[in-house]
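The values are calculated or read from the model by the stated rules, or taken from the named source; none is laboratory data. Every value quoted in this text rests on a predicted model; they were computed, and no experiment measured them. Here the Cβ positions follow ideal geometry from the backbone for every residue, glycine too, while neighbour counts run over all protein chains shown. Areas reflect the complete protein model, heavy atoms only, side chains present, ligands, DNA and RNA absent. Shrake-Rupley method; radii C 1.70, N 1.55, O 1.52, S 1.80 Å.
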Amino acid sequence: ANEPAPSDSEGSAPAETALTGTIEATGASSQEAAQAAWVAAFQQANTGTTVNYTSTGSGPGRENFISGASNFIGSDRAYTADELAAGGFGACVSDDIVEIPVYISPVAVAFNLDGIDSLNLDGETIAKIFAGDITNWNDPAIASQNDGVALPDQAIVPVHRAEASGTQETFTTYLNAVAPDAWTEEPSDVWPLESGEAAEGTSGVVAAISEGVGYIGFADASQAEGLGQVSIKVGDEYVPYSAEAASALVAASPLEEGRSAHDLAFAVDPAAAPAGSYPIALVSYLIGCVEYDDAEVGSLVKAYFQYVASAQGQDDAAAAAGNAPISEDLRTKVNAAIDAMVAE
Amino acid sequence: MSKSIEVNDLNVYYGDFLAVEGVSIDIRPNTVTAFIGPSGCGKSTFLRTLNRMHEVIPGARVEGEVLVDGRNLYAPNVDPVLVRRQVGMVFQRPNPFPTMSIKENVLAGVKLNNKKMSKSDQDDLVERSLTGANLWNEVKDRLDKPGSGLSGGQQQRLCIARAIAVSPEVILMDEPCSALDPISTYAIEELIGELKNDYTVVIVTHNMQQASRVSDRTAFFNIAGTGKPGRLIEYDDTATIFTTPSVQATEDYVSGRFG
Amino acid sequence: MSKSIEVNDLNVYYGDFLAVEGVSIDIRPNTVTAFIGPSGCGKSTFLRTLNRMHEVIPGARVEGEVLVDGRNLYAPNVDPVLVRRQVGMVFQRPNPFPTMSIKENVLAGVKLNNKKMSKSDQDDLVERSLTGANLWNEVKDRLDKPGSGLSGGQQQRLCIARAIAVSPEVILMDEPCSALDPISTYAIEELIGELKNDYTVVIVTHNMQQASRVSDRTAFFNIAGTGKPGRLIEYDDTATIFTTPSVQATEDYVSGRFG
Amino acid sequence: MTTTTTGTGRTHAKAVQRPGDRIFSGTALGAGIIILVTLAAVAVFLFVQSIPVLTEDPAQNQILKGESFLSWVWPFVFGTLWSSAIALVVAAPIAIGIALFISHYAPRRLAGVLGYIIDLLAAVPSVVFGMWGALTFAPMLVPFYKWLNENLGWIPMFSGTPSGTGKTILTAALVLAVMILPIMTAICREVFLQTPKLHEEAALALGATRWEMIRMAVLPFARSGIVSGAMLGLGRALGETMAVTLVLSPLGLVTFNLLNPENPTTIPAIIALRFPEAHGNGVNTLIAAGLVLFIVTFAVNFLARWIVSRRAEFSGAN
Amino acid sequence: MTAIAAPSASATTGSGRLPRRMPWMLLIASFAISAVVFAVANLGADPADFNIALAVVVGMLIYMVLIFAISSIAESRRRAVDRLMTALVSAAFVLALLPLISLLYTVVINGLARFDTEFFTFSMRNIVGAGGGAIHALWGTVLITLGATVISVPIGLMTSIYLVEYGQGRKLARGITFLVDVMTGIPSIVAGLFIYSVFALLVAPGTRIGVMGSLSLSVLMIPVVVRGSEELLRIVPNELREAAYALGVPKWLTILRVVLPTSIAGITTSVMLAVARVIGETAPLLLTVGMVQGMNLNMFSGQMATLPVFSYMQSKYPGVPPDAYLDRAWAAALALILIVMVLNLIARWVAKVFAPKTAGR
Ligand SMILES: Nc1ncnc2c1ncn2[C@@H]1O[C@H](COP(=O)(O)OP(=O)(O)OP(=O)(O)O)[C@@H](O)[C@H]1O
Ligand SMILES: Nc1ncnc2c1ncn2[C@@H]1O[C@H](COP(=O)(O)OP(=O)(O)OP(=O)(O)O)[C@@H](O)[C@H]1O
Ligand SMILES: [Mg+2]
Ligand SMILES: [Mg+2]
Ligand SMILES: O=P([O-])([O-])[O-]
């Protein structure tokens, strides 16, 4: 019985804060698990508050923010320059908004082959596998990168997402960036090709890989445990996914030009991933107004953002969603952006 | 309480099909009148026009007059619902309301019309009607049991009790015994004999012996062939019809030469 | 083609209910035998045991013997399907197959055993059976029309044609005319008179006039009351039954004193 | 009743109308009209919301991405029809068999229980069917598909690389078949039971065996009922969403291949998949797909009625 | 006639019949053979349920072949066909049972893990990872389904009254009957889209509230209710209506006091079956009421959780550890199945116990 208010859940309720009220949020489904953790912790710390985060998908989220239906949103990408120029954010006083990358999650490339736990592959090979140009696991392109691994004569079945997905957009962005010759499609949240197996949701992809021998796919790293893992070639070495390696990628990426100081849109370029970083990482943002029409909401959102960006918030999410906590360096920038928000 | 019925030149149609043609008949008060005739000759059809029950059948309609004590049932502004309270009806198969107890069945005509009645008046009416239908002694201990638990003959008498509870002036019966065994039949025949003291009774029967046993007057209907309309052939005292009918077809029928 | 039927001490049950008790009767070949009696006395029930059609009704079963030309229908190893080919049946309500044409209806039974019948043999059989059922002239121009388009009497004769097309030895008829108008009834009665030349005919009828018109021998069944079993009361030449029956109940019944 | 006899007879009185009757029949009529209006509203709203898809530039459309609507939706129409057709072909004979078993073979006492057991299948929510299909049924079929592919691979339908997860259009169709079994069985059972005893006995009295009796009397009588049952089942299959979404690896191809990871998909599945992330005219595109589905089901219904009415002369009705 | 070979002397016995117990013994033998074959072929491998199912199927096939052959020889070809069809028809039934058993097994086994009190007392508010429950979804399902029932039953029932009692033979009635049939075929997701569009137009795009769910379920439920109650009103014997008319009861009172009470048990049953049919709908609710973590009992504001959507979302977006989410999904599925089954059982019970015994047989 955790209803109706959190106050009656176990006794260690921290001192009541002054914050009260409800904020509505929608957006990226990638953040679902993390948001659940954040919302739970935030509501417990601020017993008078309710945060409703519904994962409608990033696109509808961004629309809801413009229409004013959502007080803040999660989104797998920042607003584009054009969208910012058009402006008209419903809940905001002005078109000045805050965009902070607070959910960074490596995207693992995982496979299922009897007796093989890990493989080394470069971007080119991965692209060819998913494009359907490499169709068997004993293909020389794979064998040449994996000395000493006994690759079976087994057809490769690449798995992708059946629905539109931020993970998928991240993955296709990577392929397009590192192997533009092998992967000629534009980055896209829906799968552009008509080959391979499609599965719904991260869980569907993971299930397909774990059932299908010879299957390979990409999935949010937190869900990919227990499957064969691909280490991806960056520079001269093969890097397995890890939270640190993923946040290293973001940390090394430049901010997009021509944006305000509290609009931290990263121009992540997997092709330019520094040595030791993991090149496929989903960067998902929280987006809110600098100043809200309703000041009370502004205070709430600001407090929520502060908690999310805090070390505690990042650790809470990592525990629940298995994502990569943001680096200290990045946190400093993020906190600076949040400070720009107007509270009561 | 009993009334005379006068029918003038009545035609009954089902849609475009003329089922009964040109019937004129005078039914006297406090008599039992039997309608006999071969299957399909329109006995039931005609009977139903005497309380406008034919109107329940889509497409059925009449031309002509039916006067009950001089008032035309088919005059404009006559409410068929009220006609039926005046002219009750009992059907071939006993049809007590299955959701109601014996008592409620008897009171159905009163209660369904939302009439308020004191408890003692109700009990009174129930006893009176059931006694009138010769059923009181058999059911007085189980008035609250469902009516469908009775035997066929008892159910039919329950239906008669239900019909007389609304104090009609005429009671129409369409083959009331044809679904019953001989003993129940006998009970109903007895009852009909008593009913005529209070009501005008019209009964359709397939069974000529029954007609001769229970009726005072008999009407013989016949049909020239399939698709032809039924007609009233002869109408006279029952004794006359069964002994010295004036029409050959009647003689053939009652002597069992056909049908 | 006709056979005698000997029934020895037959009881028929519906579940635990004894519907017919202790019937013993000898039915002679090439006669028409009529079963009469009040409603519910078990005429239909008994008739159906003569070709094991009662087995179609869940819970129905018999005790006793039925010998057709000396062979017991209820011996183990006797296939009811074959019994029914030998002992045909015509029902109260005409029941031609609605999805079949007249011709197909006639051939329905034959085709079961003899799928590959030449076209001319088929035409032959259809004509012979329909002629035998006095229907040929009326339908010969529309053999491919659905059987349900015929009038009731024609449908009943079609059913008779269908029954005789499988060349049975006995034909059972359960009130074959009760749903028909007088003219159709007359046609069927005529037909029954002819059928007895080739078949043993057993007919149930409610109509005593009909029994006396068509049958050679008559069996009177009666029932002591609701819930009691039906019994065979008297079995004799039709003339005897209708004029000088030896049992009082028979006399009461045929003289119309009850039922 | 007074109103139903629109008598033209010269002495037929204009019946007295009671207020109770007028109010009651008016309410009843009103309820019927609500249904008409609802259905019209479904069509109109879906249509209005679909207009932008056809009039606006597909290049600006979130989902079409430059493709024309018809070429986008066509593979899904195909997938919908294809999967439902397979489901129907599989389910129809089984449903007829079950219905016969219950109506004419099983002992009467047992028949009710058996009917209930089959109805239980109808009681299972489709999302549960989907989860079962994905977790239990599809993996169960993998070895069978492999066997089919190895032994019958020369038939184009069974060629190619068989799926390692079993999430193929055939699996989806089989799940659909299981899902539509109860409704088809229920309807077939009803009509089988309604076969006039008269006709059954006529057949038996001619010396027909049980099966011959069924062929002579029951099946012909039930033909139109079977067709409408099948069409109702087909309608369910066409519109089924969750089971297909969860069980199928959907690529939206036009292929008759049954065993591969690359499969067609259905309109409802694509709507369910794309709706969560759809915004702007993307939503309109999906609604337009819904309109197409609506039209397809409507057409199927019409077809069923036409089939049923065609042989009315010989039908068992009346 | 000449061609009818059956010589009358032996006609009744024909070529004899198989002893009564023979087919059963054959059936047992066939299953035994099949079981042995599969046990041998499957040595070493673990006995997957697939093989159990296959063994059953093969056993039936063996039986069919055997009985057909034996009956052809010992009896007649017609008998053999009859026996074969009996086997086929029974096989169809068994075949349909296999998926049902497998499904129930899967759901129960997976669902029991979290089928505990916490599941039925907790919502997902402030729950991360394991724990929590579906009380909010349970309430949502109850409220939304109740809403749908409240909307559908009066409309559906009155429509069927119109069709049966007033509309006979009229064009409008035939039109309504046809459109009700069409409506039966409306895919559930289209019903969801319809309500979504209406509210998008009338209120605001993206509106998701409880009543929308009720309305979209009503679109699915109304035709089922109409169909069901129409059927039941029709089987009320005309004799009862006539009995009432003959007592001078007006038509509307006859319907209200005689026809409806007579069929009310059946109608209740059909309504419950209609509820059972829509209570598990996922797609339209996903579109129209969405999902929340906490309890929302307000049908007119805010999204609501429902069991089917809860189950779907938990399995689609598992967090860490995924098993906690999947277990909740299965527990919700099990709860849903149980609700529907109980509804079904009650419906049947109502039909049986309260059905009036109509006159006659
Ligand atoms: N509802 C109806 N619609 C059309 N025709 C009907 C209807 N009811 C009866 N008929 C026809 O009207 C004629 C007279 O039928 P009716 O039932 O009145 O005869 P009946 O004398 O009562 O016969 P029975 O002795 O069999 O009861 C018959 O030709 C019958 O077919
Ligand atoms: N299917 C059945 N199940 C149980 N009892 C039955 C069944 N059919 C008939 N009975 C009962 O068996 C008894 C004899 O019925 P049967 O129909 O044989 O009488 P009948 O003489 O043919 O009457 P009728 O003249 O009305 O046709 C009756 O008491 C009847 O209620
Ligand atoms: Mg009559
Ligand atoms: Mg009888
Ligand atoms: O987290 P997703 O956007 O890939 O569903």
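Which value in nm describes the separation of the simple spin-label points at B:D216 and E:A74, placed 7 Å from the Cα toward the beta carbon?
About 7.4 nm, to one decimal.
Just the accessible area for B:V247, please: 1.4 Å probe, Å², rounded to the nearest 10?
50 Å²
Which angle between 0 and 90 degrees, to the nearest 10, do you get for helix B:119-132 versus the longest principal axis of chain B when only C-alpha atoms count?
Around 40 degrees separate the two axes.
Can you send over the carbon and sulfur percentage of the accessible area for chain B, probe radius 1.4 Å, protein chains only?
Working: 4440 of 9460 Å².
Its accessible area is 47 percent carbon and sulfur atoms.
Compute the relative contact order of segment D:69-310 as a whole-number percentage, counting only Cα pairs closer than 8 Å that sit 6 or more residues apart in sequence. Before the final figure, lay out each step's value.
Numbers: 346 pairs, mean separation 74.5, N = 242.
Worked out over segment D:69-310, it gives 31 percent.
For every other residue with a beta carbon closer than 10 angstrom to the beta carbon of B:L130, add +1 if it is Lys or Arg and -1 if Asp or Glu, then tell me the sum. Could the numbers behind the result be given before it?
On the way: positive: B:K103, B:R128, B:K140, B:R157, B:R162; negative: B:E127, B:E138.
Surrounding charge for B:L130 is +3.
Do you know which residues of segment C:119-148 lose at least 40 square angstrom of accessible area in the protein assembly compared with their chain on its own, with a 1.4 angstrom probe?
C:R128, C:P146
Once chain B is represented by equal point scatterers at the alpha-carbon sites, with solvent omitted, what log10 I(q)/I(0) does the Debye formula produce at q = 0.09 Å⁻¹?
Taken in order of the listed q values, log10 I(q)/I(0) reads -0.40.
Taking segment A:254-305, which GluC sites (Glu not before Pro) meet the DSSP loop condition and have no more than 10 other C-beta atoms within 10 Å?
Those that pass, being in a loop and sparsely packed, are A:E257.
Past 26 Å, Cα to Cα, is the threshold; run A:K233/D:K146; B:K116/B:K140; B:K228/E:K251; C:K103/D:K197; C:K3/C:K103; B:K145/D:K197 against it and keep the listed order. Please report the intermediate quantities before stating the final value.
Numbers: A:K233/D:K146 35 Å; B:K116/B:K140 23 Å; B:K228/E:K251 33 Å; C:K103/D:K197 22 Å; C:K3/C:K103 28 Å; B:K145/D:K197 33 Å.
Distance filter (> 26 Å) returns A:K233/D:K146; B:K228/E:K251; C:K3/C:K103; B:K145/D:K197.
Let me spell out the model: positive unit charges on the Cβ of Lys and Arg, negative unit charges on the Cβ of Asp and Glu, origin at the Cα centre of chain C. What dipole size does that give, in debye rounded to 20?
Details: 27 positive and 32 negative charges, 158 e Å.
About 760 debye.
May I ask you to work out the translational diffusion coefficient for segment D:169-318 at 37 °C, viscosity 0.692 mPa s, via Stokes-Einstein with Rh from the Kirkwood sum over Cα pairs, reported in whole µm²/s? Show your work: numbers first, answer last.
Numbers: Rh = 18.0 Å.
D = 183 µm²/s.
Could you pull out every Cys in the protein assembly as shown that lacks a partner Cys with its beta carbon under 4.7 Å away?
Lone cysteines by the Cβ rule: B:C41, B:C159, B:C177, C:C41, C:C159, C:C177, D:C188.
At 1.002 mPa s and 20 °C, plugging the Kirkwood radius over alpha-carbon pairs of segment E:199-334 into Stokes-Einstein gives what diffusion coefficient in µm²/s?
The calculation lands on 119 µm²/s.
Can you tell me the dipole magnitude for chain A around its Cα centre, using point charges on the Cβ only (Lys, Arg +1; Asp, Glu -1), in Debye to the nearest 20? Present the calculation step by step, with values, prior to reporting the outcome.
Working: 9 positive and 50 negative charges, 55 e Å.
Dipole of chain A, to the nearest 20 debye: 260 debye.
Find how many whole Å separate the alpha carbon centroid of segment E:296-336 from the alpha carbon centroid of segment D:250-266.
When both Cα centres are located, 29 Å separates them.
Label position 7 Å from Cα toward Cβ: report the copy-to-copy distances for B:M117 in nm, one decimal, ordered from shortest.
List, nearest first: 6.4 nm.
Using a 1.4 Å probe on the heavy atoms of the protein chains only, list every residue of segment C:155-184 that has 40 Å² or more less accessible area in the complete assembly than in its chain alone.
Residues passing the criterion (a loss of at least 40 Å², heavy atoms only) are C:D181, C:P182, C:I183.
Go through B:V90, E:S76, D:P264 and say which Cα lies farthest out towards the positive end of the charge dipole of the protein assembly as shown; charges sit on Cβ, +1 for Lys and Arg, -1 for Asp and Glu.
Farthest towards the positive pole: B:V90.
Roughly how many Å is it from the Cα centre of segment B:104-175 to that of segment A:171-189, as a whole number?
88 Å
Can you pull the percent of segment E:135-354's accessible area that's carbon plus sulfur, 1.4 Å probe, other chains left in place? Before the final figure, lay out the partial values.
On the way: 4680 of 6630 Å².
Looking at segment E:135-354 in its full context, I get 71 percent from C and S.
Need one word for segment A:156-233: rounded, prolate or oblate. Basis is the Cα gyration tensor (sqrt eigenvalues a ≥ b ≥ c); a/c below 1.5 gives rounded, then a/b vs b/c decides. List each step's numbers first, then the result.
Details: a/c = 1.59, a/b = 1.40, b/c = 1.14.
Here segment A:156-233 falls in the prolate category.
Going from the alpha-carbon gyration tensor of segment A:299-344, what semi-axes, largest first and in whole Å, does one get by taking the root of 5 times each eigenvalue? The partial results should precede the final answer.
On the way: eigenvalues 83, 33, 6 Å².
Semi-axes from the Cα gyration tensor: 20, 13, 6 Å.
Return one number: the angle in degrees, 0 to 90 and rounded to the nearest 10, between the long axis of the Cα atoms of helix B:152-165 and the longest principal axis of the Cα atoms of chain B.
The angle comes out at about 80 degrees.
In chain C, which residue puts its Cβ closest to the axis that turns chain C onto chain B, and how many whole Å away is it?
Axis relating chain C to chain B; nearest Cβ residue and distance: C:H206, 4.
Quote the total accessible area buried by chains A and E together, excluding ligands, DNA and RNA, probe 1.4 Å, nearest 100 Å².
Numbers: alone 14090 and 20730 Å², together 32760 Å².
In total, this chain pair buries about 2100 Å².
Which residues of segment E:86-110 show a drop of at least 30 Å² in accessible area when all protein chains are present, compared with their chain alone (probe radius 1.4 Å, heavy atoms only, ligands and nucleic acids excluded)?
E:T86, E:V89, E:A92, E:F93, E:A96, E:P99, E:L100, E:S102, E:L103, E:T106
Using just the C-alpha positions of segment D:62-166 as equal point scatterers, what log10 of I(q)/I(0) does the Debye formula give at each q in 0.10, 0.19 1/Å?
-0.52, -1.16
Given a 1.4 Å probe, how much area per residue of segment E:135-354 is accessible, in Å²?
Working: 6630 Å² over 220 residues.
Per residue, segment E:135-354 has an accessible area of 30 Å².
When you take every Cα atom in segment C:56-200, what is the radius of gyration, and what is Dmax, the widest Cα pair distance, in Å?
Rg and Dmax of segment C:56-200, Cα atoms, are 15.8, 48 Å.
With chain A treated as a Gaussian network of Cα nodes joined by springs under 10 Å, which of A:A78, A:A86, A:A267 yields the largest mean-square fluctuation?
Highest fluctuation of the listed residues: A:A86.
How long is segment A:19-159 along each principal axis, judged by its Cα atoms, biggest number first, in Å?
Projected onto its principal axes, the Cα set of segment A:19-159 covers 61, 38, 19 Å.
I need the Kirkwood Rh of chain A: take the reciprocal of the average 1/r across all distinct C-alpha pairs and report it in angstrom. Intermediate values should be presented prior to the final figure.
Working: mean 1/r = 0.0479 Å⁻¹.
Across chain A, the inverse of the average 1/r is 20.9 Å.
Running a GNM on chain B with Cα contacts under 10 Å, which residue among B:E189, B:E21, B:E63 ends up with the highest mean-square fluctuation?
B:E63
How large are Rg and Dmax for segment D:129-256 when calculated on the C-alpha trace, in angstrom?
Rg, Dmax (Cα atoms, Å): 19.8, 57.
Pull out a ≥ b ≥ c, the square roots of the eigenvalues of the alpha-carbon gyration tensor of segment E:27-166, then state rounded if a/c is under 1.5, prolate if not and a/b is larger than b/c, and oblate in the remaining case.
Numbers: a/c = 6.90, a/b = 1.51, b/c = 4.57.
Here segment E:27-166 falls in the oblate category.
Stick to Cα atoms and the Kirkwood definition of Rh, then tell me Rg/Rh for chain D.
Values: Rg = 24.4 Å, Rh = 22.8 Å.
Dividing the radius of gyration by the Kirkwood radius yields 1.07.
Helices from chain E with mean Kyte-Doolittle at least 0.5 and a Cα length along the axis of 30 Å or more, per DSSP H: which?
E:49-74, E:77-111, E:135-161, E:210-234, E:322-354
Along Cα→Cβ, 7 Å out, is where each label goes; now give me the distance between the ones at E:F300 and E:L61 in nm to one decimal.
That separation, rounded to one decimal, is 6.3 nm.
Limiting things to C-alpha atoms, what are the Rg and the maximum Cα-Cα separation (Dmax) for segment C:137-259, in angstroms?
When restricted to Cα atoms, segment C:137-259 yields Rg and Dmax of 16.9, 53 Å.
Please go through segment E:258-358 and write out the chymotrypsin sites (Phe, Trp or Tyr not before Pro) that DSSP classes as loop and that have at most 16 other C-beta atoms within 10 Å. Show your work: numbers first, answer last.
Details: sites: E:F300, E:F310, E:Y312, E:Y325, E:W330, E:W349, E:F354; in loops: E:F300.
Qualifying residues, ordered by number: E:F300.
Take every DSSP beta bridge whose two residues both sit in the protein assembly as shown, then give the antiparallel share in percent to the nearest 5. Show your work: numbers first, answer last.
Details: 77 of 135 bridges.
Restricted to the protein assembly as shown, the bridges split so that about 55 percent are antiparallel.
Given +1 on the Cβ of Lys and Arg, -1 on the Cβ of Asp and Glu, and no further charges, what dipole in debye does segment E:17-113 carry about its Cα centre, rounded to the nearest 20? Please report the intermediate quantities before stating the final value.
Values: 7 positive and 4 negative charges, 130 e Å.
Computed about the Cα centre, the dipole is about 620 debye.
Which helices pass in chain D if a helix is a full DSSP H run, must span at least 30 angstrom along its long axis by Cα, and must have mean Kyte-Doolittle hydropathy not below -1.0?
Numbers: long enough: D:19-55 (52 Å, 1.62); D:69-100 (45 Å, 1.86); D:169-194 (36 Å, 1.98); D:281-310 (43 Å, 1.40).
Those that pass (Cα extent of 30 Å or more, hydropathy at least -1.0) are D:19-55, D:69-100, D:169-194, D:281-310.
Taking springs between alpha-carbon atoms closer than 10 angstrom, which of D:V227, D:V254, D:V37 fluctuates most in the Gaussian network model of chain D?
D:V37
Which one of A:V149, A:G166, A:P180 has its Cα pushed farthest toward the positive end of the charge dipole of segment A:110-207, where Lys and Arg give +1 and Asp and Glu give -1 at the Cβ?
About the Cα centre, the residue reaching furthest to the positive side is A:V149.
Roughly how many percent of the accessible protein surface of chain A is carbon and sulfur, given a 1.4 Å probe and a whole-percent answer?
That share works out to 48 percent.
Computed on protein heavy atoms with a 1.4 Å probe, what is the summed buried accessible area for the chain pair E and B, in Å² to the nearest 100? Provide the component values of the computation, followed by the final result.
Values: alone 20730 and 11850 Å², together 30380 Å².
Using a 1.4 Å probe on protein heavy atoms, the buried area is about 2200 Å².
Considering only DSSP beta bridges with both partners in chain A, what is the antiparallel share in %, to the nearest 5? Each step should come with its number before you reach the end.
Values: 27 of 48 bridges.
If I count the DSSP bridges inside chain A, around 55 percent turn out antiparallel.
Report, largest value first, the span of the C-alpha coordinates of the protein assembly as shown along each principal axis, in whole Å.
Reported extents, whole Å, longest axis first: 125, 76, 58.
Report the accessible surface area buried between chains D and E, summing both sides, using a 1.4 Å probe on protein heavy atoms only, in Å² rounded to the nearest 100. Before the final figure, lay out the partial values.
Details: alone 18220 and 20730 Å², together 31380 Å².
For D against E, buried area totals roughly 7600 Å².
Do any chymotrypsin sites (Phe, Trp or Tyr not before Pro) in segment D:89-160 lie in a loop, going by DSSP, with at most 13 other beta-carbon atoms within 10 Å of their beta carbon, and if so which? Let's see the in-between values first.
Working: sites: D:F101, D:Y105, D:Y116, D:F129, D:W132, D:F137, D:F144, D:Y145, D:W147, D:W154, D:F158; in loops: D:W154.
For chymotrypsin sites (Phe, Trp or Tyr not before Pro) across segment D:89-160 that sit outside H, G, I, E and B with at most 13 neighbouring Cβ atoms in 10 Å, the list reads D:W154.
What shape does chain E have by the C-alpha gyration tensor, where a ≥ b ≥ c are the square roots of the eigenvalues, rounded means a/c under 1.5, and otherwise prolate means a/b greater than b/c and oblate the rest?
Working: a/c = 2.70, a/b = 1.24, b/c = 2.17.
The shape class here is oblate.
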